[in-house]
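Below you'll find the structure, written out as structure tokens, and then a few comments.
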Ligand SMILES: [Fe+2]
Ligand SMILES: [Fe+2]
């Protein structure tokens, strides 16, 4: 067993434990955000097997929000190394805080389905490093990957979940997270708008465009087409609680290429034509 697996299977501390920092923590988590009333959850009305599957769904989302704290911590360090302006640093620091909020909210939502305390496993997610890139190039490619790519997709996904979900606690949680993710996407678009005037940096980011989007697509959907999920069997009621089948998420990604990335990437001086049709369902470029 590797050290990472040991950490995952045996959390060292409880993510939800209350410390003497709680007052300030709550201020950071709750200020300027709507409060989520978890007592409005309708989870208790669902059959046990569906509750178990939905707990798994939200537990997985909790884990990935928790890992996003480390991703934005690394991004912040790389922005510092690149000499990024203070406005880029402050919003990147804020994103770390936001991801703690998201992990905490989703852990509480998971508990509505599991009826037990939920804490994400200890751990961090590395973001891809590339020794051939300068520090400035690395920060720009990370902005493309994390914000222009991943967070923009996250906004579209959460927006779709918010529109479809019926459970009040799910809708409320997703709404709070979505309001933060919009900032996380925007900070990358804005950073690149300010930095890609440099032709050589722009050429590097252009070269990385397809590898970044392929990596993002692979990270979201894997490399197989086996998309059977136990929640598919529950139909609309699973969607009421925040489920969206993977095939629909793939279609959403393809729609974003057409409707968001293709029209918007040229505003950064980037040519998106290599993405055209690349992620349509049934396309063979990325599987
Ligand atoms: Fe998040
Ligand atoms: Fe985010």
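Remark: the residue 274-residue 26 segment gains 84.8 nm on full extension, using 0.36 nm per residue and subtracting the alpha carbon distance. With the alpha-carbon atoms of segment 105-165 aligned to their principal axes, the span from lowest to highest coordinate is 48, 31, 11 Å, starting with the largest.
Taking Cα atoms only, the orientation of helix 246-256 departs from the longest principal axis of the chain by about 40 degrees. Working ranking of peptides 138-144, 114-120 by packing, defined as the average number of other Cβ atoms within 10 Å per residue, highest first, is 138-144, 114-120.
Packing order of peptides 56-63, 252-259, 104-111, highest average first: 104-111, 56-63, 252-259 (average count of other Cβ atoms within 10 Å over each peptide's residues). Highest GNM mean-square fluctuation among 171, 16, 94, for the chain modelled with Cα contacts below 10 Å: 16. In the P(r) worked out for segment 208-256, what percent of Cα pairs fall beyond 18 Å? For segment 208-256, the share of Cα pairs beyond 18 Å comes to 39 percent.
If R0 is 22 Å, the Cβ-Cβ spacing of residue 220 and residue 129 corresponds to a FRET efficiency of close to 0.65.
Ranked from largest, the principal axis spans of the Cα set of segment 156-231 equal 49, 32, 12 Å.
For the chain, relative contact order (Cα pairs under 8 Å, six or more residues apart, normalised by length) works out to 21 percent.
Label zone (residue 14, point 7 Å along Cα-to-C-beta; backbone nitrogen cut-off 11 Å) within segment 21-56: none. Rounded to the nearest whole angstrom, the semi-axes of the ellipsoid equivalent to segment 228-287, taken from the Cα gyration tensor as √(5λ), stand at 30, 14, 6, largest first. Based on Cα atoms of segment 1-127, Rg over Rh with Rh as the Kirkwood radius reads 1.02.
Quick one: pull the percentage of alpha-carbon pairs in segment 152-287 with a separation above 25 Å. Considering segment 152-287, 35 percent of its Cα-Cα pairs are separated by more than 25 Å. Put in order of Cβ neighbour count within 10 Å, fewest first, the listed residues 41, 179, 132 become 132, 179, 41.
Seen against the Cα atoms of the chain and their longest principal axis, helix 86-114 is set at about 30 degrees. Between residue 34 and residue 203, the FRET efficiency estimated from the beta carbon spacing at R0 = 45 angstrom works out to 0.55. On a 0 to 90 degree scale, rounded to 10, what angle separates helix 168-195 from the longest Cα axis of the chain? For 168-195 against the chain, the angle is about 10 degrees. Going from the fewest other Cβ atoms within 10 Å to the most, the residues 27, 101 appear in the order 27, 101. Percent of C-alpha pairs per 10 Å bin in segment 43-275, short distances first: 7, 31, 35, 19, 7, 1.
Every read-out reported here was derived from the displayed coordinates using simple, explicitly stated rules and does not represent laboratory data. None of these values were measured; they are calculated from a predicted model. Note: ideal-geometry Cβ built from the backbone for every residue, glycine included; neighbour counts use all protein chains shown.
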